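The values are calculated or read from the model by the stated rules, or taken from the named source; none is laboratory data. In this text, all values refer to a predicted model and were calculated from it rather than measured experimentally. Don't worry about glycine lacking a Cβ; one is built from the backbone with ideal geometry, like all the others, and counts go over all protein chains shown. The protein model used for the area step is the full one, side chains on, heavy atoms only, and it has no ligands, DNA or RNA in it. Shrake-Rupley method; radii C 1.70, N 1.55, O 1.52, S 1.80 Å.
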Amino acid sequence: MKTPNLICAISFFVLTTVTGLIAQESVSPSANLALTPPMGWNSWNKFACNVSEDLIRGMADAVVKSGMKDAGYVYVNIDDCWQVSRDANGNIVADPQRFPHGMKALGDYIHSLGLKFGVYSDAGSKTCAGRPGGLGHEYQDALQYAAWGVDYLKYDWCNTSTQDAKSSYANMRAALDASGRPIVFSICEWATAKPWLWGQEIGGNLWRTTGDISDSFETPTKWPDGGCCLNSMLMNLDQQVGLDSYAGPGHWNDPDILEVGNGGMTDTEYRSHFSLWAILAAPLIAGNDLRDMRPEIRDILTNKEVIAVGQDALGRESERVAKKGDLGVWAKQQKDGSRAVVLFNRSKSEQEISVNWEDIGYPSTLTASVRDLWQHKDLGKFTGKFSARVASHGVVMVTVKP
């Protein structure tokens, strides 16, 4: 005969075991994804629809050989135009001419390099390039992506007619979770329905806060078909003001893919672009040809001190704490209590820019050490403020540590 104490002990063990199993099953596969902003590469900005198995394999190789993997870049993401149709059962079909060995083999190759595999689809009936979209096939596609070993899905917003954005993206997130594979979910809704207001709630890991970027510092450019318009880098930057409270570990504001190295801006402007995206805690997704980078471009994309600001574990996005005409100061609190600061000069001539300690949450009497993240050197101790000469269209990026 069992004693009452033994019966109670057995009952307690069974109850806690079952409760634990239920709790484990209820945790979303995506629960711990993108705790810092995703870093990787995407095909669209440089190659648009000209994607192939050979190109993607070559780019994955270049991520490793260039030192980008060592700097933190892990995702290799194919954008639009990899898909051509659906088969008789409704399964999405990759272009057999351009991807002859199929998507799983490509994903396996990317994984063999210690990298992660990303693909693209669309919440509408067709993608932006007119390929089959995901509408009505969300769960079927999610299972297919999981079977291919996909780690990241960029989900666009073309050909969506009267669909509700929040519901459409929530449906796809649920489908990804039901597949059982942890997949980063990138909401590419172009900010029309203000996805920062609901993106975290529905399980988005990042969401576009802007229209599409172009390789231009300040002038909007036309689409290849002549339509207007692609945003400039400055336009996308300005749209981040006031959105910092919506970003944090697992859920990030996304001002679009980097243009660094594509040729439309100067190296000074690219350095500004990269510095600002890092201090914004934006995803750092390169969009250039990694196989043939000038050393200056590689040095920008692999600056580990700048990258560390974007990847800081506290997960704060910077605020623009001061603005005077074309001169601005962006500042970001970091986990160790320090501040990262970008002094940014949008004007056409060199200017002096100052950051006051009170603007970044420190008392004016504080003495702090300042380090330049592009020169990789300590500049000394300063009390109350720091000032620097900043080149036209350039930045000085520093950390300020009490």
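For residue 161, neighbours were defined as the other residues whose beta-carbon sits under 15 Å from its Cβ, and their charges (Lys and Arg +1, Asp and Glu -1) total -3. Each Lys or Arg adds one and each Asp or Glu takes one away; over the other residues whose Cβ falls under 10 Å from the Cβ of residue 74, this sums to +1. Each of 378, 238 has its accessible area taken with a 1.4 Å probe; listed largest first, they run 378, 238. Largest accessible area first, the residues 109, 139 order themselves as 139, 109 under a 1.4 Å probe with ligands, DNA and RNA left out.
Mind scanning 304/377; 348/401; 69/304; 65/304 and naming the pairs with a C-alpha gap bigger than 20 Å? Cα-Cα > 20 Å for 348/401; rest within. What aspartates and glutamates does residue 222 reach when the alpha-carbon gap must be under 18 Å and sequence neighbours fewer than 8 apart in one chain are set aside? Cα-Cα hits under 18 Å: 212, 256, 259.
The phi-based Karplus calculation (6.51 cos²θ - 1.76 cosθ + 1.60; θ = phi - 60°) puts the 3J(HN,Hα) values of segment 350-356 at 4, 9, 8, 10, 10, 10, 8 Hz, whole numbers, x for Gly and Pro.
With the whole protein complex present, residue 367 retains an accessible surface near 70 Å², based on a 1.4 Å probe. Largest mean-square fluctuation among 76, 341, 93, in a Gaussian network model of the chain whose springs join Cα atoms under 10 Å apart, belongs to 93. Couplings 3J(HN,Hα) for segment 315-325, derived from phi with the Karplus relation 6.51 cos²θ - 1.76 cosθ + 1.60 (θ = phi - 60°), are x, 7, 8, 6, 10, 7, 8, 7, 8, 9, x Hz, where x marks Gly and Pro. Accessible surface computed residue by residue for segment 320-401, with neighbouring protein chains in place and a 1.4 Å probe, gives 48 Å² per residue. Springs between Cα atoms under 10 Å define the GNM used for the chain, and in it the highest mean-square fluctuation of 268, 127, 162 occurs at 162.
Which of the aspartates and glutamates could a cross-linker span from residue 381 if the Cα-Cα distance has to be under 20 Å and same-chain partners fewer than 8 positions apart are dropped? Cα-Cα hits under 20 Å: 305, 336, 352, 358, 359, 372. Split the accessible area of the chain by element, probe 1.4 Å, and carbon with sulfur accounts for 52%.
Take the chain, mark every one of the trypsin sites (Lys or Arg not before Pro) that falls in a DSSP loop and has at most 15 other Cβ within 10 Å, then report the longest stretch left between them, sites excluded. Value returned for the longest uninterrupted segment is 3-334.
Residue 150 sits among other residues whose Cβ lies under 13 Å from its own Cβ, and their net charge, with Lys and Arg +1 and Asp and Glu -1, is +1.
Alpha carbon centre of segment 286-320 versus segment 346-387: separation in Å? Each part reduced to its Cα centre gives a spacing of 21 Å.
Once all protein chains are placed together, residue 101 keeps about 130 Å² accessible to a 1.4 angstrom probe. Summary value for segment 39-317: 17 percent relative contact order, contacts being C-alpha pairs under 8 angstrom separated by 6+ residues. Residues in segment 329-346 carry Karplus couplings, in order, of 10, 10, 9, 9, 6, 10, 4, 7, x, 6, 10, 9, 9, 10, 9, 10, 10, 7 Hz; the curve used is 6.51 cos²θ - 1.76 cosθ + 1.60 with θ = phi - 60°, and Gly or Pro positions show x. In segment 320-401, Cα pairs under 8 Å separated by at least six residues give a relative contact order of 33 percent.
For the chain, the membrane-span-like helices by this rule, meaning whole DSSP H stretches whose C-alpha atoms cover at least 30 Å of axis and whose Kyte-Doolittle mean is 0.0 or above, are 4-26; this says nothing about an actual membrane. When both bridge partners sit in the chain, DSSP labels roughly 65% of those beta bridges antiparallel.
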